[in-house]
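The values are calculated or read from the model by the stated rules, or taken from the named source; none is laboratory data. Only a predicted model underlies this, so the values are computations on that prediction, with no experimental measurement involved. Using ideal geometry, Cβ is built from the backbone for each residue, glycine included, and neighbour counts are taken over all protein chains shown.
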Amino acid sequence: MKSIDRKKKKMYLSTPVESINLENVRTVADLVDAFSRASIQARALGRCVDVFRRMLEDPDVTILIGLSGALIAGGLRKVIRDMIKHRMVDVVVSTGAIMYQDIYQARGFRHYVGDPAMDDIELQDLAIDRIYDTLVDEEKFGETDLWIGKITERLEPRGYSTREFFEFIASHLDDEQSIVKTAADAGVPIYSPAISDSSIGIGLTHYYETNHDRKRMYIDPIRDNYEIMNIVMKSRETGAIYIGGGVPKNWINDSVVMARYGANFEREGHKYAFQITMDVPYWGGLSGSTLKEAQSWGKISKHSTKAMCYIEATVALPLIVGAVMQNGWAKKRRPPSFEWNVDMVKISR
């Protein structure tokens, strides 16, 4: 019989898995706390909540959140809006589609319950668009595209960062539940580095088509890079939240690389990070790549506190944010304030 290191074995078998006791669960916070002592993705979600708590309690951290996927169609509009309103996040990096669907709802239009088994040819004939089991009115999408193009004509002809453009859009919205408006009111910058790949881009293409023979506004994507570089450079520390993957995740990671080209930037990558995703790492794609892999690039600090959970976002994000809200972890936080001078930012607390 082989010799066993009893001391090491005892160390490994020191913490038992605890069954989730629903008789003791009264709140979302209770449930997530029970998850943290269970296993598999329940425990992974609990770890994400713990990372978030540490971010919120660290007085030096600027928190960046990356948003991708059908989050507004999935019913997460108010969850994301509340994260901004209660300053659980300081910088938003999003696909254009998510911000567009927020603007669409801010203009009084809705998403509707559908079914993935519906007849899509019939839906096309009825000018209804399907997002898995959610429906939208294509005619109202078209109106919103044209509305974006039309109000853009009021802008001075020059280059704009997407932060500036969303602040401009916010000034034309009258909906306190809007992500775009709430962010503008709270001084939280929104960036969409791939904004052209969305219905916002379609609206801006309409603007371009009607103004192509004169001086006009344009989105300057490298100015976006420069602004996020300055935010990271001038923050004492940074934390990253990734909902899904795609361009927002990559851009938040690349912001650290950009900052290294700035003067006197010697900090490592993001101090904290957690990701909610359904993608897996073994295809080699960015969306499923682990935060551990990002450490090889120096985008996540080698001393970081990090976690990943493989759960669909419409399930995971409300649980995580609900636990934070019910525990009151964001209430004592002093978030950073951004003061912009063209493309340069001053950060204070």
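Count, please, the residues in region 59-72 that happen to be crowded, with 17+ Cβ neighbours inside 10 Å and either without any contact (Cβ under 8 Å) to a residue 24 or more places away in the chain or over 15 Å from the mean Cα position of the chain (by Cα) (or both).
Residues in region 59-72 being crowded, with 17+ Cβ neighbours inside 10 Å and either without any contact (Cβ under 8 Å) to a residue 24 or more places away in the chain or over 15 Å from the mean Cα position of the chain (by Cα) (or both): 1 in total.
Mind counting the residues in region 108-132 that are loosely packed, with under 14 Cβ neighbours inside 10 Å and closer than 24 Å to Gln177 by Cβ?
Looking only at that region, the number is 5.
For the condition at pLDDT 95 or above and under 18 Å from the mean Cα position of the chain (by Cα), what is the one hit in Ile276, Ile347?
Selected residue: Ile276, the only one of Ile276, Ile347 that is at pLDDT 95 or above and under 18 Å from the mean Cα position of the chain (by Cα).
Restricting attention to region 152-174, and to residues there that are crowded, with 18+ Cβ neighbours inside 10 Å and of a type in the set (S, T, N, Q), which single residue is nearest to Ala194 (Cα to Cα)?
Ranking the candidates gives Thr162 first.
Of all residues in region 16-74, which are in a loop (DSSP other than H, G, I, E, B), of a type in the set (A, V, I, L, M, F, W, C) and within 30 Å of Pro193 (Cβ to Cβ)?
Answer for region 16-74, where residues must be in a loop (DSSP other than H, G, I, E, B), of a type in the set (A, V, I, L, M, F, W, C) and within 30 Å of Pro193 (Cβ to Cβ): Ala70, Leu71, Ile72, Ala73.
Of all residues in region 258-279 being of a type in the set (Asp, Glu) and in contact (Cβ under 8 Å) with a residue 24 or more places away in the chain, which is farthest from Ser68 (Cα to Cα)?
Here the answer is Glu268.
I need the full set of residues from region 242-276 which are in contact with a Phe, Trp or Tyr (Cβ under 6 Å, 6 or more places away or on another chain) and within 29 Å of Leu76 (Cβ to Cβ), in order please.
Lys249, Gln275, listed by residue number.
For the list (1) under 19 Å from the mean Cα position of the chain (by Cα); (2) within 23 Å of Tyr191 (Cα to Cα), I need the number of the one condition that Ile311 fails.
Unmet for Ile311, out of (1) under 19 Å from the mean Cα position of the chain (by Cα); (2) within 23 Å of Tyr191 (Cα to Cα): (2).
How many of the residues making up region 97-107 are buried (at least 22 other Cβ atoms within 10 Å of the Cβ) and polar (S, T, N, Q)?
Residues in region 97-107 being buried (at least 22 other Cβ atoms within 10 Å of the Cβ) and polar (S, T, N, Q): 1 in total.
Among (1) part of a helix (DSSP H, G or I); (2) farther than 20 Å from Gly203 by Cβ, there is one condition Leu135 misses while meeting the rest; what is its number?
Looking at each condition in turn, Leu135 falls short on (1).
Please work out which residue is farthest from Ala42 (Cα to Cα), limiting yourself to region 1-15 and to residues that are aliphatic (A, V, I, L, M) and in a loop (DSSP other than H, G, I, E, B).
Step by step, filter region 1-15, then rank; the result is Met1.
Which number in (1) in a strand (DSSP E or B); (2) within 19 Å of the chain's Cα centre (by Cα) marks the one condition that Asp102 misses?
It fails just one condition, (1).
Being modelled with pLDDT of 95 or more and within 18 Å of Ala70 (Cα to Cα): is that true of Pro116 here?
yes
Looking at the structure I just gave you, is Glu293 touching a residue at least 24 places away in the same chain (Cβ under 8 Å), surrounded by fewer than 21 Cβ atoms within 10 Å (Cβ to Cβ) and of a type in the set (Asp, Glu)?
For Glu293, the condition - touching a residue at least 24 places away in the same chain (Cβ under 8 Å), surrounded by fewer than 21 Cβ atoms within 10 Å (Cβ to Cβ) and of a type in the set (Asp, Glu) - is not met.
Is there any pair linking a residue in region 78-92 that is over 13 Å from Ala184 (Cα atoms) to one that is at pLDDT 95 or above and aromatic (Phe, Trp, Tyr), with Cβ under 8 Å and at least six apart or on different chains, and which?
From residues that are over 13 Å from Ala184 (Cα atoms), the pairs are Met88/Phe52.
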